[in-house]
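Report on one structure; see the data block that follows.
Read the figures in this text as sums done on the coordinates, not as results from a lab. Just so it is clear, the structure is predicted and the values come from calculations on it, not from any experiment. Neighbour counts are summed over all protein chains in view; Cβ atoms, including those assigned to glycine, are modelled from backbone coordinates with ideal geometry.
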Ligand code: PEP
């Protein structure tokens, strides 16, 4: 049985004071829950996060990384740098990175590889836009996003990774996929991977992301192929984030 996992994505939010209050409150209330918990914070707050979470049950990570190991890439941050700050996870291919920063499936796969080479667990974000869903292309789109990684690295690369299904139309919009809609895509992703390797598919955590809140989390997490959540807005309020974690526990 796959253990549930909840990852908070702070996006470009926070400051030193707020972060300390948020992380302290999460640590206070999360103790004893049978669920994996992590937060992906902005780069400048990795040291603070490492200081506050080290030795706790909450892991941490970053929201993106460079596909290059080092070099003349001004402004970029490499996987080994993230390791220096104790990161366990790193998001790759979040839809905001794909849409706003031009990350292609190939670039996302290269970032995925760079994360794994350096011992990080990549959280591969996939999901369709509303236009793609309306055109009946949801499964084709998410399969292509997963295939970019499989084609570059082989299906076994997914044995030490997480996939997050995040329909673009549900991210930050307050509109959540229904449990049935989400389950359908999660099952399709798992089936697709099972076509190449059944064991990898069965063990793979597939998280749902897109306006998950305390009120809708339990119904989503009760679905057979939904192994937890990638949480944006609700990860910025300790009470809300902990309530989502409780729903997964
Ligand atoms: C996200 O940032 O990945 C996300 C799912 O955001 P929200 O929960 O706010 O929709």
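Run the Debye formula on the Cα coordinates of segment 186-233, all scatterers equal and no solvent, and tell me log10 I(q)/I(0) at q = 0.15, 0.24, 0.27, 0.33 1/Å.
At q = 0.15, 0.24, 0.27, 0.33 Å⁻¹ the computed log10 ratios are -0.42, -0.82, -0.94, -1.18.
Could you work out the equivalent-ellipsoid semi-axes for segment 5-248, taking the square root of 5 times each eigenvalue of the Cα gyration tensor, largest first, in whole Å?
With the √(5λ) rule applied to segment 5-248, the semi-axes are 25, 22, 16 Å.
Could you please rank 28, 190, 88, placing first whichever residue has the fewest other Cβ atoms within 10 Å of its Cβ?
In order of increasing Cβ crowding within 10 Å: 28, 88, 190.
Taking other Cβ within 10 Å of each residue's Cβ, how do 81, 1 sort, fewest first?
With the sparsest Cβ surroundings first, the list reads 1, 81.
Using a Förster distance of 25 Å, how high is the FRET efficiency between residue 34 and residue 222, based on the Cβ-Cβ distance and rounded to 0.05?
0.95
Between residue 178 and residue 88, what FRET efficiency comes out of the Förster formula 1/(1 + (r/R0)^6) with R0 = 35 Å and r the beta carbon distance, rounded to 0.05?
For residue 88 and residue 178, the calculated efficiency is 0.65.
Got a sec? How would 67, 156 order by Cβ neighbour count within 10 Å, fewest to most?
Going from least to most buried by this count: 156, 67.
Report the Stokes-Einstein translational diffusion coefficient (µm² s⁻¹, integer) for segment 145-196, Rh taken as the Kirkwood radius over Cα pairs, at 10 °C with viscosity 1.306 mPa s.
The estimated diffusion coefficient comes to 129 µm²/s.
Going by average Cβ density within 10 Å per residue, which order do the peptides 172-185, 12-25, 200-213, 91-104 take, highest to lowest?
Ranking the peptides 172-185, 12-25, 200-213, 91-104 by packing returns 200-213, 91-104, 172-185, 12-25.
Extending each Cα 7 Å along its Cβ direction at residue 152 and residue 76, get the distance between those two points in nm, one decimal.
1.1
From zero outward in steps of 10 Å, how is the percent of C-alpha pairs of segment 124-242 spread across the bins?
The percentages, shortest bin first, are 14, 47, 31, 8, 0.
Between 90, 149, 141, which gets the highest mean-square fluctuation from a Gaussian network model of the chain, Cα cutoff 10 Å?
Evaluated over the chain, the most mobile residue of the options is 141.
Work out how much length residue 194 to residue 215 would gain on full extension: take 0.36 nm times their residue separation and subtract the Cα-Cα distance, in nm to one decimal.
The residue 194-residue 215 span can extend by a further 4.4 nm.
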